[in-house]
Each structure stands twice: as structure tokens, then as C-alpha cells.
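Data block below; observations after.
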Amino acid sequence: MDTTLLRSGLIVDGLGGPAFAGHVLLRGDRIEAVLREGDATPEAARQVDATGCVIAPGFIDMHSHADWQLPLDDHPELLSGMLEQGVTTVVGGNCGISPAPLRRETLARLHDFASIARDGPFEYSWESFAEYLDQMEKGRPALNLAELVGHSALRYAGSDAARGPMPTEELSNCLDRLRQSLEEGACGLSFGLGYDPGMYSSLEELQAFCQVAAEADATATVHLKAYSRISPCYPLTTPEAHNVRALREMLDVARQTGVRLQLSHFIFVGRRSWPSVDACLEMVDAARRDGLDIMIDAFPYTCGNTTIHAPFPYWFLAAIPGAYQSRLARMRLRVELELGFRLAGFIYSDFQVMDAGVEGWEELNGLTIAEIASEWKTSPFDAMLTLAERSKGATTMLFHSYSGGPQDERALETVLGHEACLFETDVIVKRAGHPNPAALGTFPRILGPLVRDRRLFDLETAVHRMTGASANRFGIADRGVLESGKAADVVVFDAAQICDTPPEGKQPAGRSRGIEHVFINGAHAVESGVYQTGVRAGRVIRPR
């Protein structure tokens with residue numbers, strides 16, 4: 001059987017303990033031994049000199065949307081930036097958007113909902129969750145996949161109600177599909193409450209879903225209804241800041257059900273929302289002191305990807321496509337958006353197009369809404385609405401002023417430094433357009449600028465949170481740590497050089513630096529920082 005010796009590195013094993021000098025021996029798809037400096041060095045068919053480098057478990061992107069790329073034949077090239085930043089496992093199905101289960105009669109709804117995450121057509125050759133996982137495994141993925149089952153997907157599969165309350169029988173059908181999906185290998189349940197249909201779901205419905213997850217001892221991840229002081233999901237007259245209300249509601253659901261809750265991309269959107277970071281973290285801490293199993297996650301950038309429809313109120317979304325042509329609806333929307341942006345602390349320059357989603361409009365990629373309005377000689381509001389209408393909501397955007405901005409990242413670093421924070425990318429990866437910098441540099445940015453340069457936390461803590469702690473959160477038993485018998489997912493990186501290449505001016509983000517080698521199930525997927533074309537060594541992980 002093939003053997004590889006990673007020799008003379010600094011071992012950070014993912015358990016959170018002190019680093020130590022040593023070697024790691026891989027045999028086939030497993031870790032054969034973790035040795036300390038001075039132990040006898042075993043024979044191996046291949047050797048990798050890790051002198052001056054860190055040897056760590058493969059990084060786990062615990063909030064990913066790469067599951068919508070994995071069905072594509074060319075996904076290894078599409079996701080090569082993930083591999084080259086050290087990611088070996090992705091947790092997909094987040095924000096309520098999982099490709100399974102599905103029902104043919106309502107597939108169009110799921111397909112349209114997932115348009116933001118997809119990059120090209122593929123066959124939906126499955127219906128059940130188990131069939132989806134089987135298909136992903138047969139397709140030889142480039143990365144390991146652990147998959148959540150999405151609340152929105154469950155609604156589309158189990159109910160004819162497009163949004164809002166479901167008949168009792170249909171709710172029961174959705175809950176049965178949830179139980180089945182968890183039995184078939186889902187590593188948890190996810191909610192996307194900032195999107196249709198999740199934004200219309202009552203607290204009673206959320207409790208019912210969370211109760212099933214709790215009974216199965218499964219984690220529930222949640223994209224909250226609001227991340228800013230003002231949002232489309234609550235009336236403008238709501239006295240409590242919307243992001244605080246959304247957090248309080250989900251913490252109450254966790255108290256009612258006992259579910260293990262993962263608060264997805266714990267961000268503070270818009271300048272007026274940044275000051276609430278301390279109060280929101282205290283709410284999380286209070287829940288944890290009360291015995292609730294609550295954790296958060298975040299990405300290390302002050303921008304994030306979403307759909308152009310994200311700021312639109314639900315009354316407008318519910319009336320599409322007619323709302324675009326209604327003079328009254330447009331007037332009302334203009335007033336609400338401009339008031340909401342003022343109250344949340346947004347400006348139109350904060351909204352940058354990743355992919356216009358309209359053939360022939362590729363030149364808009366990378367421009368802000370304000371810049372597009374200037375080119376079109378129209379108002380930013382009209383430019384945004386035109387783009388939304390022509391793309392049918394498929395335009396992907398980078399929203400800036402997430403938990404900070406230039407010269408002010410206090411809110412971001414406060415979240416990232418919290419002991420309950422895990423790390424994620426939350427990226428939408430597409431062939432064309434302006435990339436989200438997190439798709440290329442999340443983990444190198446944490447290990448370089450935040451750990452090495454700013455000393456926000458130590459190296460061992462950072463690696464633990466992006467490996468062992470994330471694996472434990474989703475019941476992934478054989479990955480995330482360097483131990484004999486575990487899967488041979490390993491990263492070798494230069495701690496002195498590791499860094500992202502952030503955007504500069506109109507120049508988009510580039511590939512990260514400092515990741516030297518990545519092994520996935522023992523296969524050498526990245527060598528000298530470059531993905532080795534054709535290596536497809538990932539597996540589907542079924543925690544249960």
C-alpha cells in the first residue's frame with residue numbers, strides 16, 4: 001500500500017493542544033502514525049519535506065454552497081481555489097438550500113431558488129436524500145462532502161404551499177422527510193430565514209422542525225431573518241433592532257426545543273448595525289451559560305455574497321413579476337429601500353455586482369450599483385431594479401459593510417475572536433464574474449493576517465476551530481484531527497508566508513499563498529500550492 005512521510009514539520013493536530021515538532025506517516029487513505037521529533041523515522045515510498053512548515057488536518061468549510069457545484073463534471077477546476085486554500089471537506093446544504101430531497105412536481109421552485117448558487121445546468125437524477133448522496137459519491141468529488149438538509153428544500157418537497165402556513169398534513173409530510181433525510185445521512189438541518197419561503201415561516205413551524213432535529217441529536221444551522229438594524233423581514237415600525245429580534249427569536253426556539261443551534265455567518269450588516277455586536281454576543285453567552293448548545297460562525301471579510309433581491313421587502317418579492325411594472329409598487333419600494341438603507345447604514349456603493357446574470361451584461365461584473373447608475377445615467381434605485389428584473393433575481397452581489405469596513409474591523413474581529421466562533425466561507429463560486437475573496441483566501445487570511453500578524457488568537461486555536469471543532473459540530477468522527485487511524489486529510493503550510501491576496505481597487509482577489517501541500521484521503525491533491533488536475537479523491541461523509 002502507498003505510504004507518504006510528511007517529515008520534520010510543526011504538528012498542529014486539531015485538538016487545540018500545543019504544537020510539537022514531528023512527522024506524519026500516511027498509508028493509503030489513513031493516517032498511520034503521528035510521530036514526535038526524535039522518534040524513529042519510518043520508511044515510506046514517498047517523502048515530503050515539511051521543514052519550516054506546519055502540518056495540520058485538512059480544513060473544513062463548515063458553511064459552504066459547493067454542493068451546487070459538485071454535480072458538475074468540471075467542478076474540480078471550478079473549486080480549485082478552495083482546494084488551494086487548504087479545504088478538504090465542505091459542509092453543504094446551508095441557508096435552507098439543499099439539492100435534496102425533491103419532488104418532480106415542485107422541482108422548478110427548488111431550481112429557481114438555487115439559481116444564486118448554481119453555475120450551469122445538471123440533471124437532477126435523484127429524489128431522496130440518500131439518492132443524492134449516492135450520486136455525489138459516484139461522481140467522484142474533488143472534496144469531501146457532508147450535507148445538511150435544507151428547510152426550504154423540505155418545504156418544496158413536502159408541501160404545495162409556496163410560502164406561509166402549511167396545512168397540518170403537509171407539515172407532517174415535511175417533518176417525515178426531515179426524519180428520513182437525517183436517517184439517510186444528512187449531518188443536520190439548515191434554515192434560510194432571510195429568503196423566500198423561510199422568511200414567511202412562523203416560529204411554530206421553526207420549532208416543529210427543530211424539535212425533530214433535536215430528537216435526532218442533529219445540529220440546526222440558521223441564516224437568521226435579519227442581520228441588520230432594519231431588514232425586509234420585519235415592519236419598519238418594530239421597536240427592537242431587527243437583527244437583535246431575529247437572534248432572540250432563534251435563541252427562544254432553541255430554549256423551547258433543546259436543539260443544538262449553529263448561528264450561521266454571525267454578521268452585522270450596515271454601519272448602523274455594527275455597535276450591536278457586543279449585545280448580540282452577550283445574548284449568545286447568556287444562552288450558553290443557561291446550558292444551551294449554541295455556537296456561531298463567520299468569514300474574515302467585511303463583504304459577503306447574496307442575491308440582488310436580499311434587501312427587497314417580502315411584499316414586493318411576493319408580487320413579482322407584476323411588481324416591477326407597477327408604478328405604485330416601485331414608488332413604495334423606493335421609499336422603503338432608501339429609508340431602510342439610511343437606518344441600516346448602507347449606501348448604493350456598498351453593493352457590488354459579482355455576476356450580472358444577464359447575457360451581454362458581463363461588463364457590469366465588479367461594478368457597484370452606484371457606478372452602473374452613473375454609466376446608465378439613471379438613479380441607483382432604477383439601476384438596481386432594472387438589473388433585478390432583467391436577471392429575474394439571479395444577479396449575485398457582494399454586499400460590503402458587513403461587520404466593518406476599511407479602517408474599522410472591530411465588530412468583525414470581536415466575532416472571530418469569540419471562543420464559540422467557527423470559520424466558514426459562505427461562498428458562491430462561479431466561472432465568470434467578480435469573485436468573492438472568501439472563495440480564495442478565507443483560511444489563509446485567518447492563519448496569516450489574523451493569527452500571525454494581528455495575534456487575534458493563537459495558531460493552535462485557529463487550527464482547532466477550522467478542523468476538529470468543526471468536525472465535532474456535525475458528527476464527523478474520522479476527520480479534523482491528526483491521529484492514527486483517522487482519514488488522511490492533511491494540509492502543509494508555511495506559517496511565515498501564508499496569506500490571502502485581497503482585492504485592491506478594481507482588481508479582484510487573487511489566489512492565496514503559503515499552502516504547500518494538500519492531501520485528501522491520502523491523495524496528493526495540491527502540490528507546491530497548485531491543484532493537481534484530475535485528482536478527485538473526495539468522499540461523501542454520512543455521520544450517522
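The values are calculated or read from the model by the stated rules, or taken from the named source; none is laboratory data. Keep in mind it's a predicted model, so treat the numbers as computed, not measured. As a convention, Cβ positions derive from the backbone with ideal geometry for all residues, glycine included, and neighbour counts pool all protein chains shown.
Descriptive notes on the structure:
- Yes/no for Asn173 being within 17 Å of Gln211 (Cα to Cα) and in the same structural domain as Ser264 (by TED's automatic domain parsing): yes
- Note on the range 225-262: residues that are touching a residue at least 40 places away in the same chain (Cβ under 8 Å), surrounded by fewer than 24 Cβ atoms within 10 Å (Cβ to Cβ) and outside any helix (DSSP H, G or I) total 6.
- For the condition in contact with a Pro (Cβ under 7 Å, 6 or more places away or on another chain) and farther than 24 Å from Gln532 by Cβ, Phe113 does not qualify.
- Residue, nearest to Asp297 (Cα to Cα), within the range 34-61, restricted to residues that are polar (S, T, N, Q) and in a loop (DSSP other than H, G, I, E, B): Thr51
- Qualifying residue in the range 499-509 (condition: charged (D, E, K, R) and assigned to a loop (DSSP other than H, G, I, E, B)): yes
- Filter pass, Ile60 being surrounded by 24 or more Cβ atoms within 10 Å (Cβ to Cβ), out of contact with any Pro (no Cβ under 9 Å at 6 or more places or on another chain), closer than 19 Å to Arg539 by Cβ and in contact (Cβ under 8 Å) with a residue 40 or more places away in the chain: yes
- One residue alone among Gly120, Gly96 is farther than 22 Å from Gly522 by Cα, modelled with pLDDT under 95 and out of contact with any Asp or Glu (no Cβ under 6 Å at 6 or more places or on another chain), and that residue is Gly120.
- Met283 vs. criteria in contact with a strand residue (DSSP E or B) (Cβ under 6 Å, 6 or more places away or on another chain), in a helix (DSSP H, G or I) and modelled with pLDDT of 95 or more: no
- The residues on offer are Arg179, Arg109, Arg118, and the sole one that is in a helix (DSSP H, G or I), assigned by TED's automatic domain parsing to the domain that holds Gly441, among the charged types (D, E, K, R) and within 23 Å of the chain's Cα centre (by Cα) is Arg109.
- 3 or more residues of a type outside the set (Asp, Glu), touching a residue at least 60 places away in the same chain (Cβ under 8 Å) and within 30 Å of Gln262 (Cβ to Cβ): qualifying helices (runs of 4 or more DSSP H) within the range 292-401: 314-318, 327-344
- For the condition surrounded by fewer than 24 Cβ atoms within 10 Å (Cβ to Cβ), in a loop (DSSP other than H, G, I, E, B) and out of contact with any His (no Cβ under 8 Å at 6 or more places or on another chain), Glu205 does not qualify.
- As for the range 407-416, it holds no residue that is touching a residue at least 60 places away in the same chain (Cβ under 8 Å), over 16 Å from the mean Cα position of the chain (by Cα), under 30 Å from Ala323 (Cα atoms) and in a helix (DSSP H, G or I).
- Check on Val491, surrounded by fewer than 16 Cβ atoms within 10 Å (Cβ to Cβ), touching a residue at least 60 places away in the same chain (Cβ under 8 Å) and hydrophobic (A, V, I, L, M, F, W, C): no
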